[in-house]
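A short write-up of the structure that comes next.
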Amino acid sequence: MTWTYSNTHTTLWELDSVFFIAVSDCKAVMEILSRMIEDYDDIGNTVDELASFSDPREPNWVDEKGQIITDKGPQMNFGKYSGCLVSEVNDREYLEWVLRADFDASVKAVIKQHQKILTNGS
């Protein structure tokens, strides 16, 4: 029996080989993960604990890198205004630079919102 897939012909034997390799890979990953869970206490052993371990983001981060944090409101966590609330930064040139630079879209959204407040007063 032959199937056509992506402009190639694949036999049942070839599909069986691919599935066998995929199952073998899954088993190997499961063995490695199980051993890591046994050997390293800080990894955790539930899906939520593993997800938390593999994603180092802090809960107060607005963006992927933690450049804006939300401890006391949106706060700069980089550059010359690090530690300042965004609402305290009135340096329009600096804010414009952030918008032009390679920052995460969520960082730019916070800055844009602050610029509106600076411009409109509300």
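One residue stands out in the range 64-98 among those that are modelled with pLDDT of 90 or more and charged (D, E, K, R): the one that is farthest from ALA109 (Cα to Cα), namely LYS80.
Tell me, please, whether a residue that is in a helix (DSSP H, G or I) and more than 24 Å from the chain's Cα centre (by Cα) can be found in the range 102-109. No, every residue in the range 102-109 fails to be in a helix (DSSP H, G or I) and more than 24 Å from the chain's Cα centre (by Cα).
Listed here are the residues, each with its yes/no results for (1) loosely packed, with under 13 Cβ neighbours inside 10 Å; (2) under 19 Å from LYS116 (Cβ atoms); (3) touching a Phe, Trp or Tyr at 6+ places or on another chain (Cβ under 9 Å).
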site	(1), (2), (3)
ASP42	yes, no, yes
GLU49	no, no, no
PRO56	yes, no, no
LYS65	no, no, yes
LYS72	yes, no, no
CYS84	no, yes, no
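The single condition among (1) touching a Pro at 6+ places or on another chain (Cβ under 6 Å); (2) modelled with pLDDT under 90 that LEU118 does not satisfy is (1).
The values are calculated or read from the model by the stated rules, or taken from the named source; none is laboratory data. What you see is a predicted model; the values in this text were computed from it and never measured. Glycine also receives a Cβ, built like all others from the backbone with ideal geometry; neighbour counts cover every protein chain displayed.
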